[in-house]
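Participant: Just passing along the structure, written as C-alpha cells.
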Amino acid sequence: MIMMPLTSITKNLVSLIIACLFSVLSINAYAAIDVYDFDSVQQEAQYRGLIEELRCPKCQNQNLAGSDAPIAQDLKQKTYDMVKDRRSDGEIRAYMQERYGDFITYKPPVRPSTWILWFFPPLLLITLIAGWFWQSKRRQRTASGQSGMIVESAAALSAAEKAELDHLLSRANSNDSITRMDNDITSIEDKK
C-alpha cells in the first residue's frame, strides 16, 4: 500500500516538470517574434530591407533580421524608430556606419581602408587567369620547340649518320614485317 502513493507522487512530479518545460519553451518561441506597427506598406518594406542589409555586430555573419542577439534587437528597434521618423535609407545607413563602422554593412564603401576588400579579389582573379595563359603558352612553346629540335638535329646529321639511320630504320621495318607474318601464320594455325 505504501508503494501505490509513491508512484502517483512521482507521476505527478514528472508531469509537473514536463508542463514547466513546455511553458518555458513556448515563452522562448514567442519572444523571437517582432511586432512593429507601420504607417504604410512602404515604411514596412524600407524597414525589412534595412534589417536584411545591416549586419549584426555580435553575430558577425548574420543580418539583423536573422539574429536574436540583444544588440540586434536594439538595432532593429533603432531602425524601426528611424523609419517611423521618416528618415531615408541613406540617413539610417550613415547613422549605423558612424556608430558601428563599415562592418555593419555587407557592402562597405570604397575608401583607402577598404581597397583590399574591393580590389584584391578581382586582381587575384586576373593574375590567376594571366598565369594560366602564360603557363599554357609556355607549354605550347616547349612542345613545339622540342619537335623543332628533333627536325633540326635530324637535318644536322652527316651523310654517314643519315645512311646509318636509314639502315637501322629499314632493319626495324623488316623486323616488323617478319613479326606480322609470324602473327599471321600463328593466327591461321589457331583457326585450324
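Participant: So if R0 is 35 Å, what FRET efficiency would residue 129 and residue 59 give, r being the distance between their Cβ atoms, rounded to the nearest 0.05? Could the numbers behind the result be given before it?
Facilitator: Values: r = 35 Å, r/R0 = 1.01.
It comes out at approximately 0.50.
Participant: Okay, moving on. Under the Karplus relation 6.51 cos²θ - 1.76 cosθ + 1.60, θ = phi - 60°, what is the ordered set of whole-Hz ³J(HN,Hα) values for segment 61-76, x standing for Gly and Pro?
Facilitator: Using θ = phi - 60°, the values come out as 10, 10, 7, 5, 5, x, 9, 10, 5, x, 5, 5, 4, 5, 5, 5 Hz.
We did not get these values from a lab; they are worked out from the coordinates using the rules stated. Since the model is a prediction, treat every value here as computed from it, not as a measurement. Cβ coordinates were reconstructed from backbone atoms using ideal geometry, including for glycine residues, and neighbour counts include every protein chain displayed.
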